[in-house]
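The values are calculated or read from the model by the stated rules, or taken from the named source; none is laboratory data. Fair warning: this is a prediction, and the values are worked out from it, not measured in the lab. Note that we place each Cβ from the backbone using ideal geometry, even for glycine, and neighbour counts take in every protein chain shown. Quick note on the areas: whole protein, heavy atoms, side chains included, nothing else; ligands and nucleic acids left out. Shrake-Rupley method; radii C 1.70, N 1.55, O 1.52, S 1.80 Å.
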Amino acid sequence: MTRTTNARIAGFTFLLYIVTGITSMVLFNQATSGAEGTAATLASMAQHASLVRVYIVLTLLCAACALVLGVTLYALTRDQDRDLAVMALCCRVGEGVVIAAVSSLVTLALLSVATASTAAAAPDAAAVQALGALLLKIGDWTGLIAATCFAVGSTLFSWLLLRGRMIPVVLAWLGVVASVLLVVLLPAQLAGFLKGGVTS
């Protein structure tokens, strides 16, 4: 593909990524209805199962967007520094794989646990509570891992776009600064997750 085609695809995909990401977060928040605790979250998810299913589809679309962005941005920036471009591509691929393979499966498992807990022959409440808490915590962890991959990949691609003067300098600097801030802030959040256990 030509550079122009790659740039157009990257631009469209970036906008789609933003829209689907924000929409999926809004839907998941509606599905959990600001519930406090594992039991309330599972009950809310069971009541809003259709919203959770749409959230899963949007999550898979976000993963596809991450992969397309990785490939198109790599094609645009590889002439600036092939090694950094490959590293950034790997980060975006890692983000897409974590979102698609792990996050979607965890949400499907959560929905299964949530709907099973409301069935007539519901499993043991303590077991449901423990499994639900674990799956919710895994969801938090995978989100943090995907965000880290996103932040590192975005930092590298933004730097390469800035070096090549491929987009307006102000936008490139905004991308670099915002991405670096994410990279700096995420380790503290990761440390908090590592210290905390699975709580209900």
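List of remarks:
- Computed extension length for residue 16-residue 140: 42.3 nm, one decimal, from 0.36 nm per residue of separation with the Cα-Cα distance subtracted.
- Estimated FRET transfer efficiency (residue 2, residue 108; beta-carbon r; R0 45 Å; 0.05): 0.70
- Label point at residue 79 placed 7 Å out along Cα→Cβ; residues across segment 1-41 whose backbone nitrogen lies under 18 Å: 1-11
- Spacing of the two label points (7 Å from each Cα toward its C-beta) at residue 35 and residue 165, in nm: 5.5
- Solvent-accessible area of the chain (1.4 angstrom probe, protein heavy atoms only): carbon and sulfur portion equals 72 percent.
- Membrane-span-like helices in the chain (whole DSSP H runs, Cα extent of at least 24 Å along the helix axis, mean Kyte-Doolittle hydropathy of at least 0.5): 3-32, 49-77, 125-163, 169-195.
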